[in-house]
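J.: Structure provided below as structure tokens; questions to follow.
The values are calculated or read from the model by the stated rules, or taken from the named source; none is laboratory data. Please read all numbers here as calculations on a predicted model, not as lab measurements. Cβ: placed from backbone, ideal geometry, glycine included. Neighbour counts: every protein chain shown.
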Amino acid sequence: MKPITDLIHHSYQPPGDFASPQVPVYKASSVFFNTVEDMRSRQWLDKSGYTYGLHGTPTTFILEERLSQLDGAKHCVLLPSGLAALAQVNLAFLKAGDEILMPDNAYGPLKTLAEGELAAWGVGHHYYDPMDAADLASRITPATKLVWLEAPGSVTLEFPDLLGLLAVCKQNQVLTALDNTWGAGLAFQPFDLQPGQSTLGVDISVHALTKYPSGGGDVLMGSVTTCRDDLAQALKLSHMRLGFGVSGNDVELVLRSLSSMALRYAAQDQTCRAVAAWCLSQSDFAKVLHPAVVGSPGHDHWRRLCAADATDEAAVHSGGRAASLLSLRFQPQMTRQQVDSFCNALKLFKLGYSWAGPISLVVPYEVQTMRRLAAEGMWQGGFVRLAMGLEDPQDLIADLTQALHHMRASA
Ligand SMILES: *Cc1c(COP(=O)(O)O)cnc(C)c1O
């Protein structure tokens with residue numbers, strides 16, 4: 001053989017007993033078979049073998065199994081972003097003539113997908129009030145094939161009565177899918193919402209792994225998990241036909257961060273509650289929205305699901321678990337320019353989308369324009385969402401303090 005062929009088909013094999021903390025990165029388009037019989041018989045669907053890079057590698061299988069473990073699920077598929085994971089669920093289970101229901105406070109791009117592609121393909125959609133199970137019940141029709149859930153809502157952070165909403169869906173035998181990015185598999189168990197008491201849970205859980213599981217602000221990935229074999233089969237086959245793949249290098253980053261996720265979640269939660277407690281004492285804010293804040297919409301539902309054994313009654317409930325998002329409504333007299341100047345004056349909080357990375361973030365929102373069911377004027381006024389990073393809470397509070405001074409001076 002010529003030297004360049006030898007270079008490619010080199011016979012050296014390293015010893016096989018290498019063991020170290022992190023999962024190795026396997027990457028492939030082609031995967032080799034030993035014989036034609038082997039090629040024809042090998043199965044990827046049940047994870048008994050490897051057939052093509054898109055259908056899984058040891059690295060992606062390991063992440064899928066660990067995410068199943070985290071969610072209390074049996075099956076998992078990986079997608080190139082959280083939004084792609086939301087899309088995958090719709091694409092796997094819906095056809096023309098079907099309808100979906102989404103909470104009015106759902107993750108914005110899910111609404112955009114329903115109003116764009118899904119509508120163009122003949123899949124209808126309606127919104128429901130996530131804080132009213134009777135409203136959900138009144139909107140279910142024979143065409144309703146999927147109900148989306150989110151706990152809490154993405155920007156306004158109202159925590160729904162997940163058990164009540166699920167009971168309505170079960171009664172009507174409608175498939176349920178939860179965007180579980182906020183809970184991250186840590187705040188509550190999506191497939192077993194009252195451990196030991198009942199088996200009430202969602203059918204499907206979706207994560208934007210981009211958030212806590214990555215934790216670095218540098219990876220985009222999503223997952224869909226389920227306990228049901230029939231749903232997993234349909235998801236995997238749809239996933240295969242659509243050709244959604246993820247990079248082995250990105251999977252490596254998520255696997256590396258996954259081991260510290262619970263610690264980061266807890267630390268960022270504590271920071272967020274310290275900042276929330278401080279915000280409650282500031283007269284510039286008309287409302288502090290965070291599920292653990294007493295009086296924040298759905299606080300009692302959060303408490304029942306995520307802090308059932310906690311007893312304290314402080315203004316910011318210190319038990320249980322919550323993600324590190326906090327939204328603030330400014331006093332009505334605050335102009336949009338003033339709210340913009342507050343955001344521009346922040347130094348540690350960067351202006352940017354996403355959350356759960358090391359750097360704190362701020363985004364101003366026009367909530368009124370995002371709602372389909374809210375009464376005229378209900379969400380008018382200045383509104384920002386803060387996402388806590390890993391900085392010291394006192395430094396974050398100092399940053400907010402100086403930005404409030406700046407805002408008042410700009411009046
Ligand atoms: C960020 C996010 C997503 C989408 O994740 P991407 O990876 O950015 O596409 C979906 N749902 C929620 C609740 C999110 O916060």
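J.: Among the residues of the range 213-223, how many are near the ligand (Cβ under 10 Å from one of its atoms), over 30 Å from residue 172 (Cα atoms) and surrounded by 24 or more Cβ atoms within 10 Å (Cβ to Cβ)?
T.: Here the count works out to 1.
J.: Say whether the condition of being touching a Ser or Thr at 6+ places or on another chain (Cβ under 8 Å), farther than 19 Å from residue 276 by Cα and surrounded by 14 or more Cβ atoms within 10 Å (Cβ to Cβ) is met by at least one residue in the range 385-399.
T.: no
J.: Considering 262, 208, 276, 232, which residue is within 24 Å of residue 91 (Cα to Cα), more than 14 Å from the ligand (Cβ to nearest atom) and surrounded by 15 or more Cβ atoms within 10 Å (Cβ to Cβ)?
T.: Working: 262 fails: within 24 Å of residue 91 (Cα to Cα); 208 fails: more than 14 Å from the ligand (Cβ to nearest atom); 276 fails: within 24 Å of residue 91 (Cα to Cα).
The unique qualifying residue is 232.
J.: If you don't mind, another one. Would you say residue 353 is over 18 Å from residue 267 (Cβ atoms) and either assigned by TED's automatic domain parsing to the domain that holds residue 181 or free of Cβ contacts under 8 Å to residues at least 12 places away in the same chain (or both)? Can you show your working first?
T.: On the way: over 18 Å from residue 267 (Cβ atoms): yes; either assigned by TED's automatic domain parsing to the domain that holds residue 181 or free of Cβ contacts under 8 Å to residues at least 12 places away in the same chain (or both): yes.
In short, yes.
J.: If you don't mind, there's one more thing I want to ask. Any residue in the range 75-92 that is over 30 Å from residue 262 (Cα atoms) and of a type in the set (A, V, I, L, M, F, W, C)? Outline the logic, then answer.
T.: Let us first name the residues in the range 75-92 that are over 30 Å from residue 262 (Cα atoms), namely 91-92.
Filter once more, keeping what is of a type in the set (A, V, I, L, M, F, W, C): 91-92.
For the range 75-92, residues over 30 Å from residue 262 (Cα atoms) and of a type in the set (A, V, I, L, M, F, W, C): present.
J.: Quick check on this structure: which one of 408, 385, 321, 336 is within 28 Å of residue 114 (Cα to Cα) and either charged (D, E, K, R) or outside the structural domain of residue 305 (by TED's automatic domain parsing) (or both)?
T.: Working: 408 fails: within 28 Å of residue 114 (Cα to Cα); 321 fails: within 28 Å of residue 114 (Cα to Cα); 336 fails: within 28 Å of residue 114 (Cα to Cα).
Checking each option against the conditions leaves just 385.
J.: Can you list residue pairs whose Cβ atoms sit under 6 Å apart, with the first residue in the range 177-189 being of a type in the set (S, T, N, Q) and the second being within 10 Å of the ligand (Cβ to nearest atom)? Count only pairs 6 or more apart in sequence or on different chains.
T.: Correct list of pairs: 180/207; 181/207; 181/208; 181/211.
J.: Where residues in the range 360-397 are hydrophobic (A, V, I, L, M, F, W, C) and under 17 Å from residue 270 (Cβ atoms), which of them is farthest from the ligand (Cβ to nearest atom)?
T.: Residues of the range 360-397 hydrophobic (A, V, I, L, M, F, W, C): 361-363, 367, 370, 373-375, 378-379, 383-384, 386-388, 390, 396-397.
Okay, now just the ones that are also under 17 Å from residue 270 (Cβ atoms), so 386-388, 390, 396-397.
Numbers: 386: 14, 387: 9, 388: 14, 390: 18, 396: 20, 397: 24 Å.
Looking at the filtered set, the residue picked out is 397.
J.: Give 26, 12 a once-over and let me know the one that is aromatic (Phe, Trp, Tyr), surrounded by 14 or more Cβ atoms within 10 Å (Cβ to Cβ) and either on the phi < 0 side of the Ramachandran plot or without any contact (Cβ under 8 Å) to a residue 60 or more places away in the chain (or both). Spell out how you get there, then give the answer.
T.: Numbers: 12 fails: surrounded by 14 or more Cβ atoms within 10 Å (Cβ to Cβ).
Checking each option against the conditions leaves just 26.
J.: If you don't mind, there's one more thing I want to ask. Is it fair to say residue 116 is within 11 Å of the ligand (Cβ to nearest atom) and surrounded by fewer than 20 Cβ atoms within 10 Å (Cβ to Cβ)? Lay out the reasoning, then the answer.
T.: On the way: within 11 Å of the ligand (Cβ to nearest atom): no; surrounded by fewer than 20 Cβ atoms within 10 Å (Cβ to Cβ): yes.
No.
Condition check ((1) within 16 Å of the ligand (Cβ to nearest atom); (2) in the same structural domain as residue 172 (by TED's automatic domain parsing); (3) free of Cβ contacts under 8 Å to residues at least 40 places away in the same chain) across all residues:
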position: 41; (1), (2), (3): no, yes, yes
position: 47; (1), (2), (3): no, yes, yes
position: 50; (1), (2), (3): no, yes, yes
position: 77; (1), (2), (3): yes, yes, no
position: 82; (1), (2), (3): yes, yes, no
position: 95; (1), (2), (3): no, yes, yes
position: 108; (1), (2), (3): yes, yes, no
position: 125; (1), (2), (3): no, yes, yes
position: 143; (1), (2), (3): no, yes, no
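J.: What are the residues in the range 1-51 that are more than 28 Å from the chain's Cα centre (by Cα) and aromatic (Phe, Trp, Tyr), if any?
T.: 12, 18, 32, 33, 50
J.: Okay, moving on. Which ranges mark the strands (runs of 3 or more DSSP E) fully within the range 311-407 that have 2 or more residues being modelled with pLDDT of 95 or more and not hydrophobic (A, V, I, L, M, F, W, C)?
T.: Numbers: elements: 325-330, 361-364, 383-387.
Ranges flagged: 325-330.
J.: Residue 154 fails exactly one of the following numbered conditions: (1) at pLDDT 95 or above; (2) surrounded by 18 or more Cβ atoms within 10 Å (Cβ to Cβ). What is the number of that condition?
T.: Condition (1) is where residue 154 drops out.
J.: Here is a follow-up. For residue 177, are the conditions met, namely being away from the ligand (no atom under 12 Å from the Cβ) and touching a helix residue (DSSP H, G or I) at 6+ places or on another chain (Cβ under 7 Å)?
T.: Details: away from the ligand (no atom under 12 Å from the Cβ): no; touching a helix residue (DSSP H, G or I) at 6+ places or on another chain (Cβ under 7 Å): yes.
So residue 177 does not fit the description; no.
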